[in-house]
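Shown next, in structure tokens, is the structure this report addresses.
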Amino acid sequence: MTDKEMLDLWLEGNQDVPNAQQYYDEAIAELGL
Amino acid sequence: MIGLSNSPSTNTTRAAGTLKRVVNIGGLTFSSAASNGIYSMLGSVLSVFPAGHGFTTGQQNIGTASIHVKNVTQGYTERGKCPIHVLAVAGTTIFMRNGASADVCEFTDFGLTNPAPGDTIKTRLTINIKGYIIDVPHTVTSLLS
């Protein structure tokens with residue numbers, strides 16, 4: 001499983017978390033993906 | 001007459017002032033996939049650390065996780081252990097993962113029995129990082145395909 005796949009899985013499982021998309025986007029940017 | 005008190009204990013074995021608190025955001029997401037019948041477990045969590053934590057993206061082995069698995073289908077429980085790595089840092093929020101890749105995250109790598117297709121497992125992950133106290137364990141229930 002790639003880093004992106006792992007983050008995708010986290011986002012999918014945490015859609016109800018406030019700002020989930022923002023946390024995901026920040027991590028994607030940090031990893032340069 | 002014997003007096004009984006059920007007051008909760010306030011004793012602690014650690015000096016609370018020395019531990020920094022980590023707060024989880026959302027839940028553990030977990031993938032239990034099989035390759036040739038060998039299951040691996042890869043999980044990620046997001047937590048907020050205090051400012052000045054010093055962790056960096058990609059940092060390895062920042063702590064360990066105690067794994068408690070209840071195989072509901074087979075009727076056993078067991079405990080294992082795995083390393084915790086940093087997936088990505090964005091300020092004080094840190095994505096952590098329990099392994100670098102599936103081939104080093106097989107159940108047996110963590111001291112656990114390889115489950116079978118169709119098993120339902122309840123997994124509890126308790127992350128331990130030196131110097132920090134993490135608010136609650138993560139739990140997840142998986143139906144293995």
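The values are calculated or read from the model by the stated rules, or taken from the named source; none is laboratory data. Here the structure is a predicted model, which means the values were calculated and not measured. Note: ideal-geometry Cβ built from the backbone for every residue, glycine included; neighbour counts use all protein chains shown.
Among the residues of segment B:33-47, just one is within 9 Å of chain A (Cβ to nearest Cβ) and over 15 Å from the mean Cα position of the chain (by Cα), namely B:A33.
Restricting chain A to residues that are assigned to a helix (DSSP H, G or I) and small (G, A, S) leaves a set whose member that is surrounded by the fewest Cβ atoms within 10 Å (Cβ to Cβ) is A:A29.
On the given criteria, is B:R79 under 12 Å from the mean Cα position of the chain (by Cα) and surrounded by 18 or more Cβ atoms within 10 Å (Cβ to Cβ)?
no
Residues checked against (1) of a type in the set (A, V, I, L, M, F, W, C); (2) loosely packed, with under 15 Cβ neighbours inside 10 Å:
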residue: B:M96; (1), (2): yes, no
residue: B:V104; (1), (2): yes, yes
residue: B:T108; (1), (2): no, yes
residue: B:T123; (1), (2): no, no
residue: B:I127; (1), (2): yes, no
residue: B:I133; (1), (2): yes, yes
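Going by what's in this entry, would B:V136 be described as at pLDDT below 95, of a type in the set (V, I, T) and within 23 Å of B:V23 (Cα to Cα)? In short, yes.
Counting only strands (runs of 3 or more DSSP E) that sit wholly inside segment B:71-136, those with at least 2 residues that are hydrophobic (A, V, I, L, M, F, W, C), under 19 Å from A:D3 (Cβ atoms) and within 14 Å of chain A (Cβ to nearest Cβ) are B:76-90, B:93-97.
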